[in-house]
C-alpha cells in the first residue's frame, strides 16, 4: 500500500512538473508574442529616392503629413495634412472646405518654425525643392520626421501630383482625378473658344502707380495655354510678370481682364483713374476680380476654381 502511495505521489509530481513547465513555456511564448506584436505595430516603411537624391525611409501609410504649399495635391489624393502652411496674403482659402479644422501656420514673418513642426509630431514631411535648397536646412527637417523633397519648381503641377501619388501609393486616385480634370478642361476650352474667338485676355495686379500682367504661369498657364485664350500683347512671353507704368494703361485694350485682388490692393487707386475707366473691358463690364490665393497658385483644385471663375466671367 505504501508503495502504491509512493507511485501515486511520483505521478502527481510528474504531472505538476509538466504543467509548471508548460506554463513557463507558455509565458515565454507570451513574451515572444508581445515582442512580435510590438514589431507588427511598428509602421511599415519603404525606402525611396526623392527628387533631390536623398534616400528616405518613409511610412507606407503615413498618418500625420505636413507638406508646406503642397496641400492642394494632398487633398486631391485623399490625404489630409495635419497643418496648412500659408504665406501672407497668398492664402489658399479655397481649401478651407476640405481642411476645416486643420492647424494654420503663417510663414510671413518667421519662415517655417521648426519647433512648431516638432510639436505637431509629423510622421512624414514633404518639402518643395525651394524649401530644402539652403545648405543644412534639409538635415534640420529630417531630424523631425522622414523628409521627402519634391521638385515643384522645374516640374508641372501634374508631375508633382503624380510624384506624390507614387510616394503615397495613390496612383489610381491621381489618374482618375486627372482624367476628370481633363474632361472639364475640354468642355471649358470649347466654351471659351466659341465665346471669345480671336479676342484677347489679360491677367493683372493693380497697385497705386503701376500694374503687373501675368505671363504663362499659374492662372496664365491655365487661361492661355490649357484653354487657348489669346494673351493680350502686354502679357510677357517669357517672364512670370511684366511691370508696367501708368502710361501703358491705355494700351490694355484686352477683351477680358482678370484682376488679381491681394490683401494690400483690394481697392487700387488705378481703378479710379480715367484711363482705367476708359478701357474697352471696363466699359463692357468684362473685368472680373479673382483671388490671389487661387490665381497665383497651380494645382488641380485651384485650377478647377479658376475654371469656375472663367465660366462666370464668360457665361453662355
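Miscellaneous remarks
- Using alpha-carbon coordinates, inclination of helix 157-168 to the longest axis of the chain, degrees: 10
- Helix content alone sets the calculated 222 nm mean residue ellipticity of the chain: runs of n ≥ 4 DSSP H residues at -39500 (n - 2.57) each, divided across all residues, give -12500 deg cm²/dmol.
- Folded to 0 to 90 degrees: helix 2-41 orientation relative to the chain principal axis, Cα: 10
- Estimated inter-spin distance, residue 267 and residue 64, nm [label 7 Å along Cα→Cβ]: 4.6
- Extension gain for residue 93 to residue 208 (0.36 nm times residue separation, less C-alpha to C-alpha distance): 38.9 nm.
- Beta bridges per DSSP with both ends in the chain, % antiparallel, nearest 5: 40
- Comparing 98, 245, 268 in a Gaussian network model of the chain where C-alpha atoms under 10 Å apart are linked, the largest mean-square fluctuation is found at 245.
- For the range 45-172, a/c is less than 1.5, where a ≥ b ≥ c are the root eigenvalues of the C-alpha gyration tensor. That puts it in the rounded class.
- Working value for the range 71-111: equivalent-ellipsoid semi-axes of 18, 10, 9 Å, each the square root of 5 times a Cα gyration tensor eigenvalue, largest first.
- Axis angle, to the nearest 10 degrees, between helix 300-313 and the longest C-alpha principal axis of the chain: 30 degrees.
- 17 Å reach of a label modelled at residue 57, 7 Å along Cα-to-Cβ, counting backbone N of the range 115-139: 123-125
- Note on residue 80 and residue 311: the model spin-label points, each 7 Å out from Cα along the C-beta direction, lie 2.6 nm apart.
- Here the range 281-316 is scanned for amide nitrogen atoms under 15 Å from the site 7 Å beyond the Cα of residue 194 along Cα-to-Cβ, giving 311-312, 314-316.
- Relative contact order of the chain, pairs being alpha-carbon contacts under 8 Å that are 6 or more residues apart, as %: 15
FYI, it's all coordinate maths here, none of it is from the lab. Predicted, not measured: the structure shown is a model, and the values here were computed from it. Please note: Cβ atoms are built from the backbone with ideal geometry, for glycine as well, and neighbour counts cover all protein chains shown.
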